[in-house]
1. Of everything in the range 1-24, what is in a helix (DSSP H, G or I) and in contact (Cβ under 8 Å) with a residue 12 or more places away in the chain? Give them in sequence order.
2. Answer yes if at least one residue in the range 83-104 is outside any helix (DSSP H, G or I) and surrounded by 12 or more Cβ atoms within 10 Å (Cβ to Cβ), and no otherwise.
3. Out of all the residues in the range 25-34, is one or more surrounded by 12 or more Cβ atoms within 10 Å (Cβ to Cβ), assigned to a helix (DSSP H, G or I) and free of Cβ contacts under 8 Å to residues at least 24 places away in the same chain?
4. Report yes if SER108 is at pLDDT below 95, out of contact with any strand residue (DSSP E or B) (no Cβ under 9 Å at 6 or more places or on another chain) and surrounded by 11 or more Cβ atoms within 10 Å (Cβ to Cβ), otherwise no.
Amino acid sequence: MSRSLKNYDAEKFSRILEEVTFPNYDIFSDLNTAYADFLKILSKAIESIAPLKETRIKNNSKDWFYRELHDKIDERNQLFHNFQITKLQIDEDLYKSSKNKIQKLVKSKKKTFKKLN
């Protein structure tokens, strides 16, 4: 789970915190209890501005998917990032070449896997 910051607004969060009434923590006999109460109140304020949301984690652990392929995909993504920054033709060519090699490799690995199973 993660927090949805889609609608986060720092000013709104500040206003919410200004409206929160914290108790006098001097009356607590146990520091852990006081801290737990503080966290509960603060968490409630955070939840109102940035609620928890479920996140889906993709599972790329197919039998044909292996570490080397993952590394090549990371490399391709870095090449694309470089191209986006520089806008140079050479960077675009490197990215496209890497992308095409990965597509062929994925197709080949899937095909080989299907033949073996």
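The values are calculated or read from the model by the stated rules, or taken from the named source; none is laboratory data. All of these numbers come straight from a predicted model, not from anything done at the bench. As a convention, Cβ positions derive from the backbone with ideal geometry for all residues, glycine included, and neighbour counts pool all protein chains shown.
1. Applying the first criterion (in a helix (DSSP H, G or I)) to the range 1-24 yields 10-19.
Matches in the range 1-24: LYS12, PHE13, ILE16, LEU17.
2. Among the residues of the range 83-104, not one is outside any helix (DSSP H, G or I) and surrounded by 12 or more Cβ atoms within 10 Å (Cβ to Cβ), which makes the answer no.
3. yes
4. Details: at pLDDT below 95: yes; out of contact with any strand residue (DSSP E or B) (no Cβ under 9 Å at 6 or more places or on another chain): yes; surrounded by 11 or more Cβ atoms within 10 Å (Cβ to Cβ): yes.
Yes: the conditions hold for SER108.
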